[in-house]
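The values are calculated or read from the model by the stated rules, or taken from the named source; none is laboratory data. All values reported here derive from a predicted model rather than from experimental measurement. Cβ placement follows ideal geometry from the backbone for every residue including glycine, while neighbour counts extend to all protein chains displayed.
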Amino acid sequence: MDGDYVIGGVFSFHYYMHTVKHNYTTMPEPLSCAGSINSRGLRFSRAMVFAIEQINNSTKLLPGIKLGYEIYDSCASVSVAVNVAFQLSGGLDPVFNTGDKCSQSGMVLAVVGASGSTRSISMSRIIGPFNIPQRVADVIRRSTAKVVVAFISTGDMKILLEELSRKPSPPRQWIGSESWVTDRDMLRFSFLAGAIGFGIEKSVIPGLRDFLLDLSPSKVADSPLLTMFWEEAFNCRLVKSEATDRSVCDGTEDIKTLRAHTLTHLISTSNH
């Protein structure tokens with residue numbers, strides 16, 4: 001959305017980047033995301049939009065000034081996050097800007113995110129991704145340490161644990177950040193000797209819950225990202241397509257009727 005001042009946002013709407021094995025005989029394809037929608041990242045972005053709208057609608061905070069925003073998907077990938085950092089600092093790129101809501105191409109004045117320390121550090125340094133394998137599984141396997149402290153995002157932690165599960169290391173005590181230690185999907189890594197972490201105290205942001213639940217098919221259709229979320233949540237298509245067996249949404253879909261797990265993922269920002 002255009003504005004007098006534009007704020008950038010970078011969140012992990014997907015957990016993975018679509019990887020391509022380059023043969024270096026043709027021009028590489030643009031980076032793209034893979035997998036299903038990560039509702040946590042979507043929730044963060046909606047909270048950012050909510051905050052900007054609250055500021056724009058206030059007569060006291062920034063009178064006479066309209067804030068705009070550019071929000072990008074980092075795919076929980078350093079490569080994409082660095083690419084996005086260049087877009088935010090150098091103007092819009094047709095590959096990333098697929099909508100018609102932004103006409104200005106000036107660089108943003110501030111950035112919220114990325115929603116993970118690994119991508120945030122990479123973006124802050126603006127260094128290109130060299131695809132040099134390292135970062136960490138063999139070091140953990142060889143180490144004599146009995147405790148591992150992992151302050152890391154859920155997406156990055158899954159990649160690490162999936163690699164460790166190929167050849168489990170000796171049992172250790174894990175200490176984790178709230179992002180992954182409260183994720184039930186981590187229970188599938190049975191080789192972990194134990195894990196302890198910290199949860200964030202709950203609070204309520206007035207008006208945010210109602211804002212997140214105020215979605216209708218007409219509002220969703222204006223956003224490709226919300227359209228993807230809507231179609232996955234209700235297993236239907238907003239626009240008829242021969243490429244899928246899903247039926248066309250009939251307009252009776254109500255976000256408040258979603259099963260508790262899906263709904264909790266979307267609105268739980270109001271509890272943090």
From the list 48, 1, 27, exactly one residue is at pLDDT below 85, not acidic (Asp, Glu) and not in a strand (DSSP E or B). Which is it? 27
Would you pick out the residues in the stretch 4-24 that are outside any loop (DSSP other than H, G, I, E, B), closer than 30 Å to residue 234 by Cβ and touching a helix residue (DSSP H, G or I) at 6+ places or on another chain (Cβ under 7 Å)? 9, 10, 11, 17
List pairs: first residue in the stretch 84-97 and modelled with pLDDT under 55 and surrounded by 13 or more Cβ atoms within 10 Å (Cβ to Cβ), second residue of a type outside the set (Asp, Glu) and assigned to a loop (DSSP other than H, G, I, E, B) anywhere in the structure, Cβ distance under 7 angstrom, at least six positions apart or on different chains. 92/102; 92/105
Considering only residues that are of a type in the set (Val, Ile, Thr) and farther than 21 Å from residue 52 by Cβ, which ones fall in the stretch 196-226? 196, 200
Pairs only if they're at least six apart or on different chains, beta carbon under 8 angstrom, first in the stretch 139-156 and charged (D, E, K, R), second assigned to a loop (DSSP other than H, G, I, E, B); list them, first residue then second. 141/167; 141/169; 146/172; 156/76; 156/116
